[in-house]
Amino acid sequence: MDVIRIQGGQPLSGTVRVSGAKNAALPILAATLLTDEACTIENVPDLSDVRFMAEILRYMGASVEQLDAHTWRIEAKSIDSTAPYELVRKMRASICLLGPLVGRLREAHISLPGGCVIGPRPIDLHLKGVEQLGAKVEVSKGYVHVDASGLKGNYLYLGGRQGSTVTGTANMIMAAVLAPGITRIESAACEPEIVDLCHMLERMGARIKGIGSHYLKIEGVDRLHGCKHSVPPDRIEAGTLMLAAVITDSEVTVEGVVPGHIRALLAKMEEARMPCTIEPDQRRITVHPAPDRKPVEVITLPHPGFPTDLQAQMLAVMTLTPGLSILTERIYPNRFMHVPELLRMGAQIAMEGPSAVVNGTNRLSGAPVMASDLRASAALVLAGLAAEGETWIQRIYHLDRGYEKLEEKLQSLGAQIERLPDSALPSDLLE
Ligand code: EPZ
């Protein structure tokens, strides 16, 4: 396993380009199962989660060819309806295979994904949705079995305890596009990744109205065609890189980002006096040094609210922003695995239920820390970039799930960060 070593205190400068969005690529790859024709997907991020989804599609019978590091060709001429435990348990996002299997095959046998460190990750809304589309659902021995021979359009309400469900919305859309009749989805998620999935499905022949809103109307069609589609830029990676500039008091331009995808972050950065310039081409944002940035309150909400996937990174920045900040998690109340590790670096954070109260200081000290989940790992990288001294981050396979060569991107901006084999760990840090 690899580790990351960071020598902190180095300001960044220059321009960095974001990769394709992991959370768009996964449902996009799943959606290729909806047609027996070939699909070519471009700008796919080179991530372990993506390679994993490709492995599952191959296992299910699709022909999956990687044309280059960021382009895949998938042809699901005939596929099996089972996504097995030994594959699904390693990536809970494989639940987004449910919709395509229900739509294309009228049946699905998918291992229940289980939870992860940020929370239980239930799929009750997914299952309620397919039942409302006329399917029979049975859960046994850790698998969900769906008989959708009677699939037909219907009214679906997707609101749950924490608002809508992103992959649940993706699943219902992918089932409904091939369901006879009209499906109306109320309280649909409207994250940019869902908007992009709808645009891809339209390109394949789907009929969807209300794209980008919480209310979708879908007219089912008999079949969908193959397509060529490009994965949109990763708004969470863009936000992570922007916050890396802030925490190191640097000027950095992030290229490829769509400002309209991160309005909540931009608004919060403005409130916190973290100056940003949206370049005229609307595809580059320059972050400027923020010496007098101020503490803020952040509450994570479904889109267009502040994204939960940027909470850990913003919290890292607040540990070096003098004053009291409060970050409240409304999506995953336990999503604070980064806090104990930031405390080891000298941060001052107190947990109050789903809120972290951060007393910003003016220094962090580098330390050996442990990655635990994807975005917590990113928060530790940001903290390491700004900390005095050396930070070693172990278990960085968490990072590799959602960031393509993050250390190389940061190196290109001047950061003293490197990926090393774990044999390079100082002996006193060996697990
Ligand atoms: C997607 O997960 C993202 N993953 C997550 O990104 C992201 O944090 C999350 O949306 C919220 O924005 C992908 O797109 C692959 P949800 P998803 O269903 O779809 C509850 C990252 O770091 N819920 O929108 O699984 C759930 O417990 C990852 O890139 C139910 O109660 O999230 C949570 O509290 C992490 N019942 C809330 O809704 C359900 O049936 C939002 O979950 C489904 C969800």
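Every read-out reported here was derived from the displayed coordinates using simple, explicitly stated rules and does not represent laboratory data. Please read these numbers as outputs of a predicted model, since none were measured by experiment. Cβ: placed from backbone, ideal geometry, glycine included. Neighbour counts: every protein chain shown.
Checking ARG401 against (1) within 16 Å of the ligand (Cβ to nearest atom); (2) within 16 Å of HIS338 (Cα to Cα), only one condition comes out false. Which one?
(2)
Name every residue in the range 159-184 that is within 14 Å of the ligand (Cβ to nearest atom) and in contact with a strand residue (DSSP E or B) (Cβ under 6 Å, 6 or more places away or on another chain), in order of residue number.
MET172
On the basis of being within 15 Å of ILE28 (Cβ to Cβ) and either within 13 Å of the ligand (Cβ to nearest atom) or surrounded by 20 or more Cβ atoms within 10 Å (Cβ to Cβ) (or both), does GLU191 make the cut? First the steps, then the outcome.
Working: within 15 Å of ILE28 (Cβ to Cβ): yes; either within 13 Å of the ligand (Cβ to nearest atom) or surrounded by 20 or more Cβ atoms within 10 Å (Cβ to Cβ) (or both): yes.
So GLU191 passes the test.
Taking LEU343 and the conditions (1) buried (at least 23 other Cβ atoms within 10 Å of the Cβ); (2) more than 16 Å from the ligand (Cβ to nearest atom), which numbered condition does it fall short on, given that it satisfies the others?
Looking at each condition in turn, LEU343 falls short on (1).
Could you tell me whether any residue of the range 170-182 is under 27 Å from ILE208 (Cβ atoms) and assigned to a strand (DSSP E or B)?
Yes: the range 170-182 contains one or more residues that are under 27 Å from ILE208 (Cβ atoms) and assigned to a strand (DSSP E or B).
Every residue in the range 34-56 that is crowded, with 24+ Cβ neighbours inside 10 Å and aliphatic (A, V, I, L, M), please.
Once the filter is applied, which keeps residues that are crowded, with 24+ Cβ neighbours inside 10 Å and aliphatic (A, V, I, L, M), the range 34-56 yields LEU34, ILE41, VAL44, VAL50, MET53.
Identify all residues within the range 124-151 that are more than 16 Å from the ligand (Cβ to nearest atom), among the acidic types (Asp, Glu) and without any contact (Cβ under 8 Å) to a residue 24 or more places away in the chain; write none if there are none.
Going through the range 124-151, the residues more than 16 Å from the ligand (Cβ to nearest atom) turn out to be 134, 136, 138, 140-143, 145, 147-151.
Still in the running and among the acidic types (Asp, Glu): 138, 147.
The answer is GLU138, and nothing else.
Look at ARG293 and say whether it is in contact with a Ser or Thr (Cβ under 8 Å, 6 or more places away or on another chain), farther than 24 Å from ILE194 by Cα, in contact (Cβ under 8 Å) with a residue 24 or more places away in the chain and away from the ligand (no atom under 16 Å from the Cβ).
yes
Return the only residue of THR300, THR391, THR308 being more than 17 Å from the chain's Cα centre (by Cα) and either away from the ligand (no atom under 16 Å from the Cβ) or not hydrophobic (A, V, I, L, M, F, W, C) (or both).
THR391 is the lone residue from the list that is more than 17 Å from the chain's Cα centre (by Cα) and either away from the ligand (no atom under 16 Å from the Cβ) or not hydrophobic (A, V, I, L, M, F, W, C) (or both).
Regarding the range 106-123, can at least one residue be identified that is crowded, with 22+ Cβ neighbours inside 10 Å and away from the ligand (no atom under 11 Å from the Cβ)?
yes
Got a sec? Which helices (runs of 4 or more DSSP H) wholly within the range 351-431 have at least 3 residues that are buried (at least 24 other Cβ atoms within 10 Å of the Cβ)?
Hits in the range 351-431: 374-386.
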